[in-house]
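Below: the structure, in structure tokens.
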Protein chains: 2
Amino acid sequence: MTPLSLKPVAIDTYKENVAYLHRDCPLYHSEGFQALNKIEIRDGSERPPVVAVLNIVDDASIVSPEELGLSEQTFLQFGMEAGSPVTIGHAAPPVSIPAVHAKIGGEPLQQSDYLQICEDIVNNRYSKIEIAAFLVACAESGMERDEILYLTEAMVETGDRLDWGEPLVVDKHCIGGIPGNRTTMLVVPIVAAHGMLMPKTSSRAITSPAGTADTMEVLARVNLEPHELKEIARHHRGFIAWGGTANLSPVDDILISVERPLALDSKGQMIASILSKKIAAGSTHLLIDIPVGPTAKVKSQSEAMKLRKLFEYVGDRTQLELEVVITDGSQPIGNGVGPVLEVQDVLKVLKNEPTAPEDLRHKALLLAGRILEFDPDVRGGEGYRLARDLLDSGRAWERMQAIIEAQGRNPDPPQPARHTRDVVADRSGVVKAIDNLLIARTARLAGAPLDKGAGLYLHRKVGERVKKGEPLFTIYAEYPADFQFANDFADSHPAYTIGDAQ
Amino acid sequence: MTPLSLKPVAIDTYKENVAYLHRDCPLYHSEGFQALNKIEIRDGSERPPVVAVLNIVDDASIVSPEELGLSEQTFLQFGMEAGSPVTIGHAAPPVSIPAVHAKIGGEPLQQSDYLQICEDIVNNRYSKIEIAAFLVACAESGMERDEILYLTEAMVETGDRLDWGEPLVVDKHCIGGIPGNRTTMLVVPIVAAHGMLMPKTSSRAITSPAGTADTMEVLARVNLEPHELKEIARHHRGFIAWGGTANLSPVDDILISVERPLALDSKGQMIASILSKKIAAGSTHLLIDIPVGPTAKVKSQSEAMKLRKLFEYVGDRTQLELEVVITDGSQPIGNGVGPVLEVQDVLKVLKNEPTAPEDLRHKALLLAGRILEFDPDVRGGEGYRLARDLLDSGRAWERMQAIIEAQGRNPDPPQPARHTRDVVADRSGVVKAIDNLLIARTARLAGAPLDKGAGLYLHRKVGERVKKGEPLFTIYAEYPADFQFANDFADSHPAYTIGDAQ
């Protein structure tokens, strides 16, 4: 079979491999390829083929009939130079597809099934629709707790794993959904100031107005190489970096790329996602924060308790010391929502400024305290006080400055966005409720987290009095279109409920 | 917001709408679009936007930062000229997505849910992964029989519907899986010769070596306009055309484009797919053929019976007179497998040639007989004899010639493919079994149905004696590569089981 000439096609197809073949390519007809078919691409060596979904091209300037085009990420994965000879063939379905069919049919899967599924996914042998099929089959109550364990282990095994060479490596994770909840940037310097190792890899925002990585990036570089992370951890006992550079639980990233547009809510997937990332990152002790509230991800105590049990079940079987705290998720934490505005809150707390938001400070101390109690030398119940000492004494702030310098201080930190408008109370009274979802949506429409300075600043929290016409929150946006979107949304979807005093 | 300039991008993305935006397009950043996001595209008028999945482009020759590219089908759907000004925005999730989430959660859906889902799908508001989520949620025993009914009705309502203006419009459908089973090309001329209206729209092969439309195309044009179909039906009482030109149950085509690569086997989807197409095509009376056999789609009588009940349940509630026959699916029907080779069988039967395959003739008469009994003037049990008279007298053959002329005779009918090889018996004995799946796979590897002359010719059927070295079947392929694939597969996967005579 005459080989085709490899060509990079400058199209970003995200986590899906796509190959482009001209309709007049002789192979297109003789092999009976069709658009959306999956093909195997080989370079003539013995190494496994790369699998891609086929798009058919009718424009020779994109690919000629003698060429095979690969989208950007696919070209990188294939790893050969443009012009290299390649051969293609029909891709056999991934060997783990029968397991997905069994799962669709309601059968629980075995440890070996999950491992095979993760191996196929990490090698890009699944198309987006096959990944969607797997996720839906596992969604809702579709996974036994042992299956969550198997998936977690398989996701760890099919990626890299960091080893810090120490017996106590702590981490924390919040299941999310609460705007402004930037405790990590306080907990890390407090815990590191105590001398515990807390090498924190965080994600960027997926559906929220800011992730910890987005927020830390306001102050310092977060895109660090593994050797840099090791060096900083050795000197400063902690860092706050983006987790995407290390190849930790890469299956998780691929699953999320399909889960997110589907807005699937699967507890099993969530637990496997969180724990696989933490285990791969080399954590030995982990604190999980589950906020509960009417507009939080978890709506009730009983739901939170079920989730806690599942976390504990998997944690205990993966040699992870795991504690779960159930916290108040009835409203946003802190005042700022969006990277720059949240950083302002964090810095006020670290510097012990009088205007520092008390709820953010208290929650960070609570979480840091529980983590400090992982230290055998810290007496049970003494963690909170110890955390407070580390914060009040300025040692946490000192440590944070050292970490920022080590990661690489941002020489030109972004500022709050240009366009601002106060959203005011339409009556006098007391704030009865603030809707987390509406606050998050408004901040995202304003441009957060892509525009670091965009977002909201909340002037009132639940229980506080407000007079008609006084500002409830301020919208910050960089671009006029976003400003308009956020304003329109805020006006048509009031996030604050104001009721009578008393 | 500055509009973008519309540009067709000559990439065939099949049933998925794809839009291409340059990474340097100012909107890409300010709006926070990401690859795989869904966007709405508007032309400034009031008509509903077209929704597409976004790919990000880094090559200005594909699209420049001032342009918005649309893949071929998306451009056609949008229906504006290249260079037209368009605006884009984030697409809201389709309104029916909460119903899909409910279905994933195990809840049965209502009539209005299915209608909304089909409306969103037919307007290309679903991405491939959302369609996959819907299909998986409905797969296996995931649909109540009322839900199958609702889906069927919704698929009919969201497409066009033919009306033949007659009280008796007959049709047949085989659920498939049996190679060579080309009865439709015999049943239509027999039934039409009796004067019954049988306007047959057929599909092309999806996973089989030949569909009825592929096979009829060997003899005549099958790609006919609605007005041509009406005219032929009026004059000749029947035709055999491809159903793709009319907009009948378009949701079905979209669902199949995702179901096929997933190899999902969902009874509910299958029933809704078949019945919606038939109702939309204006049929009033329908015969369903369910072949049963160890290598057929349906493996047991009890499974066939369950399927029959479901067909009857939906049929009775959609004003379709529906009969189900359960037939022998233990081996291929006829000798040819692949369009040209099957046509040879069909013509032999129509012309009453002595070498005509008896099993194909008998099955066609059986089915035609049952359909003829839909005629109130035909006495119960007389159908088979009547069908045989119509065939033996040459009236069916006469009618078929008239239909071929009316559809447009193929002036240059394809011939059996060039490369041939006999696969011979490796021992003497009696044919005990022929595997439908392996026969179909071999024929497809040989090039069927894209190469009309490719496929297999079976020299022996179950129960027949064979001597060592005598041919069991002949492989026909047009291209050397296909010929090699089919030969290798046939040699490594013996489709015939030969046992002791006795």
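The values are calculated or read from the model by the stated rules, or taken from the named source; none is laboratory data. Because the structure is predicted, anything quoted here is derived from the model rather than measured. Positions of Cβ are backbone-derived with ideal geometry, glycine not excepted, and every protein chain shown enters the neighbour counts.
Points worth noting:
- Residues in the stretch B:403-424 that are farther than 20 Å from B:Val222 by Cβ, in contact with a helix residue (DSSP H, G or I) (Cβ under 9 Å, 6 or more places away or on another chain) and among the β-branched types (Val, Ile, Thr): B:Thr420, B:Val423.
- Filtered residue count, the stretch A:483-502, keeping only those that are surrounded by fewer than 19 Cβ atoms within 10 Å (Cβ to Cβ) and touching a Lys or Arg at 6+ places or on another chain (Cβ under 8 Å): 6
- If the condition is being facing chain A (nearest Cβ under 8 Å) and among the basic types (Lys, Arg), then the stretch B:110-142 contributes only B:Lys128.
- Filtering the stretch B:417-454 to residues that are farther than 11 Å from B:Ile475 by Cβ and of a type in the set (Gly, Ala, Ser) leaves B:Ala425, B:Ser428, B:Gly429, B:Ala433, B:Ala440, B:Gly453.
- A:Glu259 being assigned by TED's automatic domain parsing to the domain that holds A:Gly177 and acidic (Asp, Glu): no
Per-residue answers, yes or no, for (1) buried (at least 24 other Cβ atoms within 10 Å of the Cβ); (2) in a strand (DSSP E or B); (3) within 14 Å of another protein chain (Cβ to nearest Cβ); (4) at pLDDT 95 or above:
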| site | (1), (2), (3), (4) |
| --- | --- |
| A:Leu438 | no, no, no, yes |
| A:Ala448 | yes, no, yes, no |
| A:Asp451 | no, no, yes, no |
| A:Leu472 | no, yes, no, yes |
| A:Ala481 | no, no, yes, no |
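- Residue pairs meeting the criteria (Cβ under 7 Å; at least 6 apart or on separate chains; first farther than 14 Å from B:Arg42 by Cα, in the stretch B:70-95; second assigned to a helix (DSSP H, G or I) and of a type outside the set (Gly, Ala, Ser)): B:Pro94/B:Asp120; B:Val95/B:Gln116; B:Val95/B:Asp120
- Residue check, A:Asp171 in contact with a His (Cβ under 9 Å, 6 or more places away or on another chain), more than 9 Å from chain B (Cβ to nearest Cβ) and touching a residue at least 12 places away in the same chain (Cβ under 8 Å): yes
- Checking B:Val337, B:Val349, B:Val343 one by one, the residue that is touching a Lys or Arg at 6+ places or on another chain (Cβ under 6 Å) and either buried (at least 23 other Cβ atoms within 10 Å of the Cβ) or within 20 Å of B:Ala192 (Cβ to Cβ) (or both) is B:Val349 and no other.
- Looking at B:Glu147, B:Glu107, B:Glu153, just one residue is charged (D, E, K, R), within 21 Å of B:Ser266 (Cα to Cα) and within 14 Å of another protein chain (Cβ to nearest Cβ), and that residue is B:Glu107.
- Residue within the stretch A:201-215 that is under 30 Å from A:Arg441 (Cβ atoms), over 20 Å from the mean Cα position of the chain (by Cα), not assigned by TED's automatic domain parsing to the domain that holds A:Leu450 and not aliphatic (A, V, I, L, M) present: no
- Considering the stretch A:1-75, the qualifying strands (runs of 3 or more DSSP E), each wholly inside and each with 3 or more residues that are within 7 Å of another protein chain (Cβ to nearest Cβ), run over A:50-57.
- Of residues in the stretch B:263-284 being buried (at least 24 other Cβ atoms within 10 Å of the Cβ) and touching an Asp or Glu at 6+ places or on another chain (Cβ under 9 Å), the one nearest to B:Met196 (Cα to Cα): B:Ser283
- Filtering B:Arg361, B:Arg308 for residues that are out of contact with any Leu (no Cβ under 9 Å at 6 or more places or on another chain), under 25 Å from B:Ala440 (Cβ atoms) and either among the basic types (Lys, Arg) or outside the structural domain of B:Thr183 (by TED's automatic domain parsing) (or both) leaves a single hit, B:Arg308.
- If the condition is being of a type in the set (Gly, Ala, Ser) and part of a helix (DSSP H, G or I), then the stretch A:201-230 contributes only A:Ala213.
- Exactly one residue among A:Glu228, A:Glu217 is more than 20 Å from A:Leu151 (Cα to Cα) and either surrounded by fewer than 24 Cβ atoms within 10 Å (Cβ to Cβ) or not acidic (Asp, Glu) (or both), and that residue is A:Glu228.
- Considering (1) within 26 Å of the chain's Cα centre (by Cα); (2) closer than 24 Å to B:Glu478 by Cα, the lone condition that A:Leu76 does not fulfil carries the number (2).
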